[in-house]
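Shown next, in structure tokens, is the structure this report addresses.
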């Protein structure tokens, strides 16, 4: 079995990672979802409907851009970016939302619930539900609601109910817990549209399958243009949806891969979300993987300048790939992310999501020593959603005054 086949195996086990660790009352729900998913992807009608939505509604293919100015600035490797920020709603999240939305209708479910951190998954879910005529409820940590207010506004205008979660650290993991409680109370008519490659089987496999279109396009676009594979792939990694989608199609190829975590204010304190740097193996939220937790299994509070990388766990496939040696992992500090955001804007005219700028921060470090090599990083989203974070970050007093006057 190839590595690509293994990562999409029907058992949902990846070495010691993955599995299905859910309350007994949800076992049947997960089994029904698993059966429906594997049947759907063998149905050409389902695939054709998904492909049409991807093209006409979401706007695939997204561009692969040669960053000529950034390449000159760093004077090393040739740098390319896959611009998922140009997908409808501004991030890669629409890929798995469309897939799960069609699956939801296939299963006869009328109501969709979701969790979101940066808001991009929530926005994509609300957009998909509006398009497909489904009721939508989005759980979001209260802290993330405050710092991602534009996405909350858009979700509500699309007809979604956004529920701020006040428990715990008021971030992504708390939103996941709240969504799971809702699912246990309303499983008969509700589909939980989990937003990354985490959780109980079949979610890691299912979302990797729906996201792998990103890497498939990258391989086709690069090989058509240059007649060979790239040397190096880089993506940020929180839960892992953009990372797995970006690298999946290259897993059986001789291409180096690095995934970059949120180093926050430094990994030698707890103001970060670097699971592989400072975490350990455990079982939580439906899966076995790496987590930032204490010896009793209690999750640590996390920090990232980005709202989408502060999850205390990571997808089980990512953990397997890291421990097997197929991928490398690194981290980027908040200050490095700020620098990357400014550099991409000023050299290429693109405002990237702060999550994606973790990947670029790594590229900035390695590119000068890789003359003649070809590096592609995944710009998993655009930076509109980060407006209030970046306003503080750059210290634009004029814009702050404008906002105060508007309020």
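Keeping to region 366-399, report how many residues are in a helix (DSSP H, G or I), more than 27 Å from residue 89 (Cβ to Cβ) and touching a helix residue (DSSP H, G or I) at 6+ places or on another chain (Cβ under 8 Å).
To start, the set of residues in region 366-399 that are in a helix (DSSP H, G or I) comprises 366-369, 384-394, 397-399.
Now drop any that are not more than 27 Å from residue 89 (Cβ to Cβ), which leaves 366-369, 397-398.
In the following step, the residues that additionally are touching a helix residue (DSSP H, G or I) at 6+ places or on another chain (Cβ under 8 Å) were identified as 367-368.
Of the residues in that region, 2 qualify.
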- prompt: Can we say residue 161 is in contact with a helix residue (DSSP H, G or I) (Cβ under 9 Å, 6 or more places away or on another chain) and surrounded by fewer than 19 Cβ atoms within 10 Å (Cβ to Cβ)?
  reply: yes
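Taking helices (runs of 4 or more DSSP H) that fall entirely within region 141-192, which contain at least 3 residues that are more than 18 Å from residue 90 (Cβ to Cβ), in contact with a strand residue (DSSP E or B) (Cβ under 6 Å, 6 or more places away or on another chain) and modelled with pLDDT of 90 or more?
On the way: elements: 142-147, 149-157, 172-185.
Counting at least 3 such residues, we get 172-185.
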When region 211-246 is checked residue by residue, the ones that are assigned to a helix (DSSP H, G or I), over 20 Å from residue 286 (Cα atoms) and out of contact with any strand residue (DSSP E or B) (no Cβ under 7 Å at 6 or more places or on another chain) are 211, 213, 215, 216, 217, 219, 220, 223, 224, 225, 226, 245
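Please find, among 195, 240, 199, the residue that is assigned by TED's automatic domain parsing to the domain that holds residue 371, closer than 26 Å to residue 31 by Cα and surrounded by 18 or more Cβ atoms within 10 Å (Cβ to Cβ). Talk me through it step by step, then tell me what you get.
Values: 195 fails: assigned by TED's automatic domain parsing to the domain that holds residue 371; 199 fails: assigned by TED's automatic domain parsing to the domain that holds residue 371.
The unique qualifying residue is 240.
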Residue 53 vs (1) crowded, with 16+ Cβ neighbours inside 10 Å; (2) in a helix (DSSP H, G or I); (3) touching a strand residue (DSSP E or B) at 6+ places or on another chain (Cβ under 8 Å): all pass except (3)
Within region 88-97, the residues that are surrounded by fewer than 24 Cβ atoms within 10 Å (Cβ to Cβ) and at pLDDT 95 or above are 88
If we ask which residues in region 59-87 are touching a helix residue (DSSP H, G or I) at 6+ places or on another chain (Cβ under 6 Å), buried (at least 23 other Cβ atoms within 10 Å of the Cβ), in contact (Cβ under 8 Å) with a residue 40 or more places away in the chain and closer than 26 Å to residue 116 by Cα, their number turns out to be 1
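The values are calculated or read from the model by the stated rules, or taken from the named source; none is laboratory data. Keep in mind the model is a prediction, meaning the values are calculated, not measured. So basically every Cβ, Gly included, is an ideal-geometry build from the backbone, and we count neighbours across all protein chains shown.
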